[in-house]
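Okay, structure first, notes after.
What follows is calculated from the coordinates using simple rules that are stated; it is not laboratory data. If you're wondering where the values come from, they're calculated on a predicted model, not measured in any experiment. With ideal geometry, Cβ positions are generated from the backbone for all residues, glycine too; neighbour counts draw on all protein chains shown.
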Amino acid sequence: MRALAPLLALTAGAAAGWWLARRRAARALAAGVGAHFLPDPALDWLRRSHDALGIWVAEIDPREEGPSAERIVDAERLGVAEIVAVDRRLERARDQGQSGVERMESGILVFHAAAGVAVGLLLPILSDASTIALAEDDLKRLLDGVRRRPQIVALAQAQADEASPESAGSVGLRLAYQLERALEAQVVVVARELADTLVRDPRATGPRVRVIGVSGKGDRRLLDTYLPEGSALRDVALGHRGDGVLEGDPLGGGVADRRHHPNAVVLRQIRSAGEVVGAVAIWPPGGRPPAGAAEAELAAALDHAGPRLYRARKADQQRNRATTDQLTGLLNRRGLEEVMSRQGEAWTGSLIYADLDHFKSLNDTLGHPAGDAALAHFSKIIQGQVRGVDAAARIGGEEFAVWLPGTELESGIRIAERIRIRLTTTSWDWQGRVWPLAASFGVAGCPETTQSLANLAAQADAALYVAKNSGRDRVERAGEGTA
């Protein structure tokens, strides 16, 4: 935290100085000023500096249960209907990636959107062209700051414990940001997993390659995803192809609705002592590969990152062995308990317990390798339906658990139902024989069913027992005050 404190102090000081300067002279937000002290006081400073009627930030993440929004308005100058009208317009802009300037009944709305984030300023109706231009400049930087916020938080968390070894994720994030600053480019960093940390899925055909770093200009939904077979960046990270320049998507469509860049992408290996340990994809401005000093800085950064990434993968491996289920790649019971204990009793959230139905029959009929494949399949279903902040675990045999921090009980029930439906509607077969899979679920919530996180596991297990004895393939909630 000592390394982080000067950064936060500098950020806050820069913000205050910027606002005072804006009050004395109408200048756009300096490029070096970040927006990671959002939402307050930065948003209100920005609103007041433009004498705006309101400022909006609307975000959506497919891993979240729904959209989130931050809004600061001048209630004396805006009515409820006018606020709602701007809310809806920015929702459309967010969903469609629109930017522009529109005259509304209450004022002039200036807005920008990209990658599931929209920001807007509602200026007075008589604002002139220069005022609108300044607002556009500031909103572009605000949008960039909001999109960078999750990575900045991740970097801060990586620095929080200075005694801990680097993780692959912290190496990837730092490298992505370093290259973005040096090359003014979007950057994605990936690492190949070590052989003995692979998920032992009988259908797996090779090492997995995980996205460990995305720069501020990139799509944060890529973080912690695995590249599909045949993707160019995966092939570079595995040493199947060398450095080069590619036209098209090197990620193999890792995020379904991600917008692809039309320009060329530069692909480079990350090496340590001659071994390929990862790779980077760089989208340089105008599609022109780095040259001269920029190329030298890129090479130096990759040379420095290679040994660090090698050590970080080893450290991650050691940390994960004790807390990870080797069949599915999920946490084991100990790992889940550690995650929940670190969050403390002050946290709220929901806990899902799940158990594959008729699993013994599957094992007896198709054999234990088929059972292992079914468990791995179910774990992928779970991972695809929860957020990055959630913790999924295989806690024994065919039993799984999902911890949803900060999630209300009703939302936890909806997520369990979503997993249940996805499992039953996704075809699964073993060596050509189709086998229907289903599961039962029990859900408990703090504070809805208990005031203590320590009671959640027993409550979720009791609700699972009810689901099993009530016909299976269903979701049951824990009774209030039990356990």
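Figures for the structure shown
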read-out: Pair N469, L246: separation of 7 Å Cα→Cβ label points (nm); value: 5.4
read-out: Calculated SAXS-style log₁₀ I(q)/I(0) at q = 0.09, 0.13, 0.20 Å⁻¹ - the range 165-315, Debye, Cα scatterers; value: -0.24, -0.52, -1.29
read-out: Cα Rg, Dmax, the range 333-477, angstrom units; value: 15.0, 49
read-out: Using a Förster distance of 35 Å, the FRET efficiency for A291-R311 (Cβ separation, nearest 0.05); value: 0.65
read-out: Segments 365-375, 289-299, 401-411 sorted - mean Cβ within 10 Å per residue, highest first; value: 401-411, 365-375, 289-299
read-out: Rounded Å value of the spacing that divides the Cα centres of the range 65-116 and the range 410-427; value: 33
read-out: Cβ crowding within 10 Å averaged over residues, with 419-431, 131-143 ranked highest first; value: 131-143, 419-431
read-out: Sorted peptide list for 313-323, 269-279, criterion being average Cβ within 10 angstrom, highest first; value: 269-279, 313-323
read-out: Anchor K217: lysines whose Cα lies under 30 Å away (excluding residues fewer than 8 positions away in-chain); value: K140, K314, K380
